[in-house]
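Everything below concerns the one structure shown next.
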Amino acid sequence: MANYNLKINGKALTVTVDEDTPLLWVLRDELNLVGTKFGCGIAQCGACTVHLDGIAVRSCSIPVASLEGANITTIEGLANDKLHPVQEAWKELDVPQCGYCQAGQIMTATSFLKQNPNPNTEEIRNAMNGNLCRCASYNRIEKAVALAAKKMS
Amino acid sequence: MENQNKFTFSRRNFIRTSALASGGLLIGFNFFTSCEDTVVPPVDISKLNFKDFNAFIKIAENGYVTIFSPNPEIGQGVKTSMPMIIAEELDVPWEHVTVEQGALDTTNFSRQVAGGSQSIRFGWDALRQTGATAKHMLINAAAAKWGVNASSCSASDGIIKNANGDKLGYGDVVNDAAQLEVPEDITLKATTDYKIIGKDVVNVDIDKIITGKPLFGLDYKVDGMLYAAVLRPPAFGQILESYDASQAKALPGVIDVITIGEKARNYLNQDSFDRSAHWSVRLSETDKVVVIGKTTWDAIKGKNALKAIWKDNSLAESTEMHDKKLNDLLNGKEFNTMRSDGNVKQAFASADKVLERVYESPFLPHNCMEPMNFFADVTNEKVHLVGPIQTPEAAAKVVASLLNRNLEDVHVDMTRMGGGFGRRLYGDFVYEVAEIADKIKQPVKLISTREDDMSLGVYRPAIKYKIAAAIKDGKISGYHLKEAAVNSNMYGLIPHFFPAGAIENYQVDTANYQSNITTGAWRAPYTNFLAFAEQSFFDELAELLETDPIQLRLDLLKNVKDGEDSNIQYSAKRMIDTIKLAAEKSNWGKTKQGVHQGFAAYYSHNTHVAEVVDITLKNGLPLVEKVTVAVDCGIVVNPTGAKNQIEGGVIDGIGHAMYGDFSFKNGKPQDVNFNTYRLIRMNETPIVNTYFVESGLPPTGLGEPGLPPAGGALANAIKAATGQLLTKQPFVKSIQKHEANLKV
């Protein structure tokens, strides 16, 4: 066990955990940030997606020891006073079914739109391809990313 | 269409009301059973125990309404749509409604289950009646206050008006209304007066979902809660011989290593227990090693550090073996006849032509995105269970029996579920965590990794169909379907689905092989594959008969007389209208060059669905572009939710038909995570356009019926495009082989 200094959603925090603990479990078990979900544990499904210095990453596969000083944003830190345009689009189009994967989808989408503010359909489909939705709400995710891009432009 | 506002109820004994101590009115009701005369809802809202009612409506003094939604939410939308039905008849603005998930009543049997797409269908009358009863009581209270006749008053949007133009809000009269008798006869709204039903209402949990609030079973926590990871046999047919926990116990986060299994074994070995086709087969055979950790990661690490030796206890089965067993069954003579019309033997003997095909499907795991998990806290006073389960009542009963406790002491709280698809009908993980908590006497959460989840085992069984049709004078004179399945066969009215009733000589036979691999319901059980087999077969038949595939279905449906056979629950008229809508919206037969279409129609779970898949070819490989879906589910309660279910069901159906593959070698599942097990991803999805047949008939469910036709429509489109006949799922394997052959 060791102490790790993390910056999560703008707050400096210290956690005491094993060095190999994946960020996912630090967020969920130590910090009670349970919006980030566990799906596969091997970076294949995207349910655990968070931002590391603004880039979408899979928190299940990043050990805490490698994150000293990094700037991490989770789904809980996305909205400030009001919802992020991506969240607004998700709500407007009533995207979720079971809802479990959606935090990860939203985190992938927000990071993607930062890099590509005016994506075409193919770019959206490629960008979101790493996030599984077992309910297959894919049509709405695709439309919501496009709608969010419009809202942000 | 019947004018529904003339339809009045008189059976009032499932509703009780009480005045809340904090002010306001509480209405308790029970969907499916009557309430005892002596039973009344609590006056203290915190005492809501759902013991005799499975749902409540609270109307506060400010007129705001809280609806405690009774049925488990697995993503099928009932937590939104069921309260919509109440709010419609109560006639309150939807903005004044808050929805909370109800807990489980463990003593009073009712249908508090998510499964079979039946929540809305069964709840429709009771939900409307309850809302309307509350409204009438509020009107009666207002009329008494004004000293006027209640019949001269009306209520709308939470406001009661009388003939003099006086107005009172619901909140102004709730305390008076709580003192009144529940009225005997009430009138329901005409469907044309609906203000909430039929409008798009966004998922009631949307804000929590998109901001990452705790909502799911995996998110549930209490102070001091420990985590349990369970090591189960790696292969079906194996049991635990011995284990070494020294390395696991040496880890600082590991609190204890225990074994469980004895209680489950005792329970399952009861003489009366039907072990066939049940989740429990595997569970009952062996002890499992459980690592108790301080955190999830501690428990997972501890489990990985265990050294266990397994020994063979029963047959180590493989996919090759299943193939052979099922083929032998199909070619054998031992069948149960599920339906037999006319004389199939004679029809085939006198046929001009016979078409026969065999269709094959693999086992499939459910793969809910939220892996199986459950919380338990077992104390001398009570057993508290919390988590995602589609069958909370059954789970509570088994746990009571396992732990030798009174059912009244077992309390189940339901969380939102990260998918169900049938997997959470089986409570194996609930029983395990109950046994763990009973042993360690501390609050604990059982967590599964994806590997545990995909290999711990309840699967859609592998199934094969052999379908034969006899052709005589250019018509289908006989139809014979044989099913060979692992563990269990089609059930209920499935043998009476189309084309039953449409072909004079018709027979359905089933046989099964008893495996030690556990199988169970998987979204649209049996029909998820049967529909593909039949709908592909009909496409070939149409070719053989030189007719359009849609016309063939329409011609066959003309032979069916609605209502003549009580086993035949699909309606030929509704199916014809549904098919015609799909044909119209998809521009069937009129697409531009390079677009190939495939059609399928299927009735299941009381809903009629027709689908047209449009594909193009890219480098010779099929690209699924679009699916046009027509649905008759009666009244559409919540169109946005309804379309979401269809879009998901269709893509799920296409995804599993295309990619779903799961095999066994020496009893061991060959895929345990998403690196090798392929689920459909966004790049591979078509756009799904959904159209509903306009209807004033009572609503039916949508969680499942969108799925079954999808595989057939896709296979038929691929056949139209490339000529390749697909009879085996997953298609991707056959398509790759076909491609390879073409290139040689």
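The values are calculated or read from the model by the stated rules, or taken from the named source; none is laboratory data. Keep in mind the model is a prediction, meaning the values are calculated, not measured. Cβ: placed from backbone, ideal geometry, glycine included. Neighbour counts: every protein chain shown.
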Exercise. Check segment B:93-113 and report whether any residue there is buried (at least 23 other Cβ atoms within 10 Å of the Cβ), closer than 21 Å to B:Val173 by Cβ, modelled with pLDDT of 90 or more and among the β-branched types (Val, Ile, Thr).
Key: no
Quiz item: Only one residue in B:Glu360, B:Glu317, B:Glu356 is farther than 30 Å from B:Arg232 by Cβ and in contact (Cβ under 8 Å) with a residue 12 or more places away in the chain, so which one is that?
Solution: B:Glu356
Self-check item: Residues located in segment B:173-214, provided they are at the interface with chain A (Cβ under 8 Å from one of its Cβ atoms), of a type in the set (Asp, Glu) and surrounded by fewer than 17 Cβ atoms within 10 Å (Cβ to Cβ)
Solution: B:Asp200, B:Asp207
Quiz item: Counting residues that are within 12 Å of chain A (Cβ to nearest Cβ), which strands (runs of 3 or more DSSP E) fully inside segment B:598-700 reach at least 1?
Solution: B:621-632, B:687-692
Quiz prompt | Number of positions in segment B:417-452 that are within 14 Å of chain A (Cβ to nearest Cβ), of a type in the set (D, E, K, R) and within 30 Å of B:Thr510 (Cα to Cα) | solution = 2
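Condition check ((1) farther than 26 Å from B:Met454 by Cβ; (2) among the aromatic types (Phe, Trp, Tyr); (3) touching a residue at least 40 places away in the same chain (Cβ under 8 Å)) across all residues:
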position: B:Phe498; (1), (2), (3): yes, yes, yes
position: B:Gly501; (1), (2), (3): yes, no, yes
position: B:Thr510; (1), (2), (3): yes, no, yes
position: B:Gln514; (1), (2), (3): no, no, yes
position: B:Arg523; (1), (2), (3): no, no, yes
position: B:Leu530; (1), (2), (3): no, no, yes
Quiz item: B:His608 is checked against (1) within 20 Å of B:Ala720 (Cα to Cα); (2) touching an Asp or Glu at 6+ places or on another chain (Cβ under 7 Å) and fails just one. What number does that condition carry?
Solution: (1)
Exercise. May I ask you to list the residues in segment B:372-395 that are in a loop (DSSP other than H, G, I, E, B) and in contact (Cβ under 8 Å) with a residue 40 or more places away in the chain?
Key: B:Met372, B:Thr379, B:Pro388, B:Ile389, B:Gln390, B:Thr391
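Just to be sure before I move on: is B:Ala235 more than 7 Å from every other protein chain (Cβ to nearest Cβ), surrounded by 17 or more Cβ atoms within 10 Å (Cβ to Cβ) and at pLDDT 95 or above in the structure I sent?
Judged against the criteria, B:Ala235 is not a match.
Looking at A:Leu78, A:Leu24, A:Leu93, A:Leu33, which one is surrounded by 24 or more Cβ atoms within 10 Å (Cβ to Cβ) and either within 12 Å of chain B (Cβ to nearest Cβ) or over 20 Å from B:Trp297 (Cα atoms) (or both)?
Working: A:Leu78 fails: surrounded by 24 or more Cβ atoms within 10 Å (Cβ to Cβ); A:Leu93 fails: surrounded by 24 or more Cβ atoms within 10 Å (Cβ to Cβ); A:Leu33 fails: surrounded by 24 or more Cβ atoms within 10 Å (Cβ to Cβ).
Exactly one residue qualifies, and that residue is A:Leu24.
Looking at segment B:448-475 only, could you name the residues that are in contact with a helix residue (DSSP H, G or I) (Cβ under 8 Å, 6 or more places away or on another chain) and basic (Lys, Arg)?
Pass one, segment B:448-475, residues in contact with a helix residue (DSSP H, G or I) (Cβ under 8 Å, 6 or more places away or on another chain): B:448-449, B:456-458, B:460, B:462-472.
B:Arg460, B:Lys464, B:Lys466, B:Lys472, listed by residue number.
Looking only at segment A:51-91, count how many residues are β-branched (Val, Ile, Thr) and over 27 Å from A:Lys150 (Cβ atoms). Please lay out each step first, then the result.
Initial filter on segment A:51-91 (β-branched (Val, Ile, Thr)): A:55, A:57, A:62, A:64, A:72-75, A:86.
Next, only the ones that are over 27 Å from A:Lys150 (Cβ atoms) stay: A:62, A:64, A:72.
Number of matching residues: 3.
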Exercise. From B:Asn644, B:Asn638, grab the single residue that is touching a Cys at 6+ places or on another chain (Cβ under 9 Å), surrounded by 20 or more Cβ atoms within 10 Å (Cβ to Cβ) and either in contact (Cβ under 8 Å) with a residue 12 or more places away in the chain or more than 27 Å from B:Glu584 (Cβ to Cβ) (or both).
Key: B:Asn644
Practice problem: Check off (1) facing chain B (nearest Cβ under 7 Å); (2) part of a loop (DSSP other than H, G, I, E, B); (3) at negative phi for A:Gly130 and give me the number that stays unchecked. | Solution: (1)
Quiz item: Does A:Thr121 meet the test of being among the hydroxyl-bearing types (Ser, Thr, Tyr) and more than 15 Å from the chain's Cα centre (by Cα)?
Solution: yes
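Restricting the search to segment B:639-693, which residues are aliphatic (A, V, I, L, M) and under 22 Å from B:Gly711 (Cβ atoms)? Walk me through it before giving the result.
In the first step, residues of segment B:639-693 are kept if they are aliphatic (A, V, I, L, M); the result is B:642, B:646, B:650-651, B:654, B:657-658, B:672, B:679-680, B:682, B:687-688, B:693.
Across segment B:639-693, the qualifying residues are B:Ala642, B:Ile646, B:Val650, B:Ile651, B:Ile654, B:Ala657, B:Met658, B:Leu679, B:Ile680, B:Met682, B:Ile687, B:Val688.
Filter segment A:138-153 for residues that are within 11 Å of another protein chain (Cβ to nearest Cβ) and farther than 15 Å from A:Ala47 by Cα; which is surrounded by the most Cβ atoms within 10 Å (Cβ to Cβ)? So that I can check it myself, show each step before the final result.
Residues of segment A:138-153 that are within 11 Å of another protein chain (Cβ to nearest Cβ), as a first pass: A:138-145.
Next, only the ones that are farther than 15 Å from A:Ala47 by Cα stay: A:139-140, A:142-145.
Numbers: A:Asn139: 24, A:Arg140: 24, A:Glu142: 20, A:Lys143: 17, A:Ala144: 28, A:Val145: 30.
Here the residue is A:Val145.
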Exercise. Mind telling me which of the residues B:Ala721, B:Ala710 ends up being over 30 Å from B:Ile85 (Cα atoms), part of a helix (DSSP H, G or I) and in contact (Cβ under 8 Å) with a residue 12 or more places away in the chain?
Key: B:Ala721
Quiz item: In segment A:98-124, which residues are outside any helix (DSSP H, G or I), more than 9 Å from chain B (Cβ to nearest Cβ) and in contact with a helix residue (DSSP H, G or I) (Cβ under 8 Å, 6 or more places away or on another chain)?
Solution: A:Asn116, A:Pro117, A:Asn118, A:Pro119
Quiz prompt | Pairs where the first residue, in segment B:671-698, is farther than 30 Å from B:Ser455 by Cα and the second is assigned to a loop (DSSP other than H, G, I, E, B), C-beta under 6 Å, 6+ apart | solution = B:Phe692/B:Val636; B:Ser695/B:Gly634; B:Gly696/B:Met1; B:Leu697/B:Gly634; B:Pro698/B:Gly634
Quiz prompt | Residues satisfying the stated conditions in segment B:539-597, i.e. touching a residue at least 12 places away in the same chain (Cβ under 8 Å) and among the hydroxyl-bearing types (Ser, Thr, Tyr) | solution = B:Tyr570, B:Ser571, B:Thr578, B:Ser586, B:Thr591
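Working carefully through the options A:Cys135, A:Cys98, A:Cys45, find the one that is in contact (Cβ under 8 Å) with a residue 40 or more places away in the chain, buried (at least 18 other Cβ atoms within 10 Å of the Cβ) and under 26 Å from B:Gly655 (Cβ atoms). Show your work before the answer.
Working: A:Cys135 fails: in contact (Cβ under 8 Å) with a residue 40 or more places away in the chain; A:Cys98 fails: in contact (Cβ under 8 Å) with a residue 40 or more places away in the chain.
One residue alone meets the criteria, A:Cys45.
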Practice problem: Scan (1) crowded, with 23+ Cβ neighbours inside 10 Å; (2) closer than 16 Å to B:Ala715 by Cα; (3) in contact with a strand residue (DSSP E or B) (Cβ under 9 Å, 6 or more places away or on another chain) for the single condition B:Asp652 breaks and write down its number. | Solution: (3)
Practice problem: Give the residues of segment B:560-576 that are under 16 Å from B:Asp632 (Cβ atoms) and surrounded by fewer than 18 Cβ atoms within 10 Å (Cβ to Cβ), sorted by residue number. | Solution: B:Asp562, B:Gln569, B:Lys573
Quiz prompt | Inter-residue pairs, beta-carbon under 9 Å, first of a type in the set (Asp, Glu) and in segment B:148-165, second crowded, with 18+ Cβ neighbours inside 10 Å, 6+ apart | solution = B:Asp157/B:Asp91; B:Asp157/B:Val92; B:Asp157/B:His96
Quiz item: When you scan segment B:284-371 for helices (runs of 4 or more DSSP H) that lie fully inside it, which ones turn up with 1 or more residues that are within 28 Å of the chain's Cα centre (by Cα) and surrounded by fewer than 17 Cβ atoms within 10 Å (Cβ to Cβ)?
Solution: B:319-331
Practice problem: Evaluate segment B:721-731: report whether one residue or more is away from chain A (no Cβ under 14 Å), surrounded by fewer than 24 Cβ atoms within 10 Å (Cβ to Cβ) and under 26 Å from B:Asp452 (Cα atoms). | Solution: yes
